[in-house]
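Presented below is the structure to which this report refers.
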Amino acid sequence: MASDRDAAFGRVDTIRSETIDQGLRAYMLGVYNYMAGGLAVSGIIAYFVSASPTILTTIYTNTALTWIVMLAPLAFILAISFGIRKMKASTVQVLYWAFAITMGISLSSIFVVYTSASIARVFFITAATFGAMSLYGYTTKKDLTGWGSFLFMGLIGIIIASVVNFFMASAALDFAISVIGVLIFVGLTAYDTQKIRNEYSELDSSEVATKKSVYGALRLYLDFINLMMMLLRLFGSRR
């Protein structure tokens, strides 16, 4: 009797584990789909804006409009980050796609600065690096929580250094910022992926799951774009 009962409990545990694994895979696939969709939208918008001299001239010869284009993505990031708990899932989705569009307009400048061939080359390097580190973050048994504070301090450091170098225009400092930036965003990719995976156990409704999926996609999107920008600064061929 005892052995039959233990066997029954074992089967229940196995079924429960398989259900969780399938749910987690579906959840992570949703996160990656949102992220990939956002990158695709941004890339298409960036390309078509850069291909129109009229639009580029309108944006980058009007100081006020230039600042709006630069700061609009940040506004959407802050709105999602601080308002996600009170917002409906549909609102979060709309804000995410609006962010992707404004980010695409902002990214149009890279097609002016760098050659299309080098952008494509760096994109594939970024995709391979991001994929490897995200897979590591998803599969590793090591707890990456301790990376968070270290990576955040590093991120603050490169932001401050970038502001300082805006006035100094030092090639050596720019190179150092780019190298350190690559390391930071590689680490953040693994850290964020594991954090998103762990958040699955906290979901209590489909509404929350959708909002968390979009927010997770936003974090990975930012890791990808920032990693790509740092690599462009190192390996991109300027026009």
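Between region 24-94 and region 117-152, what is the C-alpha centre distance in whole Å?
21 Å
Grab the DSSP H runs of the chain that are 4 residues or longer, score each as -39,500 (n - 2.57), total them, divide by all residues and round the 222 nm result to the nearest 500 deg cm²/dmol.
Working: 9 runs with 207 residues, N = 239.
One gets -30500 deg cm²/dmol as the mean residue ellipticity at 222 nm.
Using +1 at the C-beta of Lys and Arg and -1 at the C-beta of Asp and Glu, which of Phe166, Thr102, Tyr221 has the Cα lying farthest in the positive direction of the dipole of the chain?
Of the options given, the answer is Phe166.
What number, in percent, do you get for the relative contact order of the chain if the mean sequence gap of Cα pairs under 8 Å and at least 6 apart is divided by its residue count?
Reported as a whole number, the value is 31 percent.
Considering the options Ala176, Ile59, Val92, tell which one lies farthest towards the positive end of the dipole of the chain, charges being +1 on Lys and Arg and -1 on Asp and Glu at the Cβ, about the Cα centre.
Farthest towards the positive pole: Ile59.
Taking the chain as a Gaussian network, where each spring joins two C-alpha atoms under 10 Å apart, which residue of Lys142, Lys195, Lys88 fluctuates the most?
Comparing Lys142, Lys195, Lys88 in the GNM, the peak value goes to Lys142.
With +1 assigned to the C-beta of every Lys and Arg and -1 to the C-beta of every Asp and Glu, and no other charges, what is the dipole magnitude of the chain about the Cα centre in debye, to the nearest 20?
400 debye
What is the sum of charges, Lys and Arg at +1 and Asp and Glu at -1, for the other residues whose Cβ falls under 13 Å from the Cβ of Leu234?
Here the count lands on +2.
In the chain, with Lys and Arg counted as +1 and Asp and Glu as -1 at Cβ, which of these residues, Leu24, Phe130, Thr145, has the Cα nearest the positive end of the dipole, that is, farthest along it?
Phe130
Mean shadow of region 2-235, computed from the convex hull of its alpha carbons, in nm²?
Computing the convex hull of the Cα atoms and averaging its projections yields 15.4 nm².
How big is the gap, in Å, between the Cα center of region 184-239 and the Cα center of region 95-116?
17 Å
Taking R0 as 35 Å, what FRET efficiency do you get between Ile55 and Ala172 from their Cβ-Cβ distance, rounded to the nearest 0.05?
Once the sixth-power term is evaluated, E becomes 0.50.
Once amide H atoms are built 1.01 Å from N in the peptide plane, which residues 5 or more positions from Tyr114, or in another chain, come under 5 Å H to H?
Arg239
Return the distance in nm (one decimal) between the two label points of a simple spin-label model at Val164 and Thr140, each offset 7 Å from Cα along Cα→Cβ.
Taking the two extended label points, one gets 2.9 nm.
In debye, nearest 20: dipole of region 200-239 around its Cα centre with unit charges on the Cβ of K, R (+) and D, E (-)?
Around 480 debye, computed over region 200-239.
Each reported figure results from applying straightforward, stated rules to the coordinates on display, with no laboratory input. Just so we're clear, the structure is a prediction, and the values are computed from it rather than from any experiment. We place every Cβ from the backbone using ideal geometry, glycine too, and count neighbours over all the protein chains shown.
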